[in-house]
Amino acid sequence: MVRVGLISDTHGLLRPEALAFLQGCARIVHGGDIGDPAILETLAHIAPVTAVRGNNDQDDWASALREVESLRVEGVVIQVVHDLSGLRVEPGVRVVVSGHSHKPLVEERDGVLFVNPGSAGPRRFKLPIALGELDIRGDEVSARTVRLDAEAGWQTCS
């Protein structure tokens, strides 16, 4: 089984709890609104990172990031985008990872698993601080999001 860590909307804040959760991942996907290139460098010390540019990633360093990325992990094709609006899911994609809304979500639609890990950065409104993971075995995939809680550890959101 391959564990893929999912994180988004850090907005310049990489929490120690997020780093602890991502330990042991074979790969990390960042769904945009990174806020600071040091976040990608830190994540890369854990596992290879695939990241997309979010609407708030406007500084020069972010110009190297694409708005949409695709990767294959074992037999699963993953498409990554910050904002789902206007997304055209490519043929063969099994999972779409997004960010932007700050709301954790795991939902299957027409055979495609849509996962938004939520926001791991500064709290927005009353939304949880969250991230997620994919567990991939061959061409089978499952996903969950978890709420970060500094005192009690992680709580599954979905």
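The values are calculated or read from the model by the stated rules, or taken from the named source; none is laboratory data. Owing to the predicted nature of the structure, the values given are computational and were not obtained by experimental measurement. Heads up, the Cβs are rebuilt from the backbone with ideal geometry, glycines too, and the neighbour counts pull from every protein chain shown.
Could you check how many residues of the range 18-31 are part of a helix (DSSP H, G or I) and buried (at least 18 other Cβ atoms within 10 Å of the Cβ)?
Summing the residues that are part of a helix (DSSP H, G or I) and buried (at least 18 other Cβ atoms within 10 Å of the Cβ) in the range 18-31 gives 3.
What are the residues in the range 22-45 that are closer than 22 Å to P122 by Cα and out of contact with any strand residue (DSSP E or B) (no Cβ under 6 Å at 6 or more places or on another chain), if any?
Once the filter is applied, which keeps residues that are closer than 22 Å to P122 by Cα and out of contact with any strand residue (DSSP E or B) (no Cβ under 6 Å at 6 or more places or on another chain), the range 22-45 yields Q23, G32, D33, I34, G35, D36, P37, A38, I39, E41, T42, A44.
Being free of Cβ contacts under 8 Å to residues at least 40 places away in the same chain and closer than 25 Å to D139 by Cα narrows it down to one residue among E108, E74; which is it?
E108
Out of (1) over 16 Å from G12 (Cα atoms); (2) of a type in the set (V, I, T); (3) buried (at least 16 other Cβ atoms within 10 Å of the Cβ); (4) out of contact with any Cys (no Cβ under 8 Å at 6 or more places or on another chain), what's the single condition that is false for V68?
So V68 meets the others, but not (3).
Condition check ((1) buried (at least 19 other Cβ atoms within 10 Å of the Cβ); (2) assigned to a strand (DSSP E or B); (3) under 15 Å from the mean Cα position of the chain (by Cα)) across all residues:
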| residue | (1), (2), (3) |
| --- | --- |
| L84 | no, no, yes |
| V89 | no, no, no |
| G92 | no, no, no |
| G99 | yes, no, yes |
| E108 | no, yes, no |
| L113 | yes, yes, yes |
| F125 | no, no, no |
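Touching an Asp or Glu at 6+ places or on another chain (Cβ under 9 Å) and either of a type in the set (F, W, Y) or at pLDDT below 95 (or both): which single residue out of L148, L113 fits that description?
Among L148, L113, only L148 is touching an Asp or Glu at 6+ places or on another chain (Cβ under 9 Å) and either of a type in the set (F, W, Y) or at pLDDT below 95 (or both).
Do you know which of the residues in the range 1-17 that are part of a loop (DSSP other than H, G, I, E, B) and over 13 Å from I129 (Cα atoms) is farthest from the chain's Cα centre (by Cα)?
In this case the residue turns out to be M1.
Could you give every pair whose Cβ atoms fall below 9 Å, whose first residue belongs to the range 88-99 and is among the small types (G, A, S), and whose second residue is surrounded by fewer than 20 Cβ atoms within 10 Å (Cβ to Cβ) and not in a strand (DSSP E or B), counting only separations of at least 6 or pairs across chains?
As it stands, the answer is S98/D83; S98/L84; S98/L87; G99/D83, since those pairs meet every condition given.
Among the residues of the range 32-57, which ones are part of a loop (DSSP other than H, G, I, E, B), farther than 23 Å from K103 by Cβ and without any contact (Cβ under 8 Å) to a residue 40 or more places away in the chain?
Those that are part of a loop (DSSP other than H, G, I, E, B), farther than 23 Å from K103 by Cβ and without any contact (Cβ under 8 Å) to a residue 40 or more places away in the chain: H45, P48.
From the list L65, L6, L19, which residue is modelled with pLDDT of 95 or more and in contact with a Lys or Arg (Cβ under 9 Å, 6 or more places away or on another chain)?
Result: L65 is the single residue among L65, L6, L19 that is modelled with pLDDT of 95 or more and in contact with a Lys or Arg (Cβ under 9 Å, 6 or more places away or on another chain).
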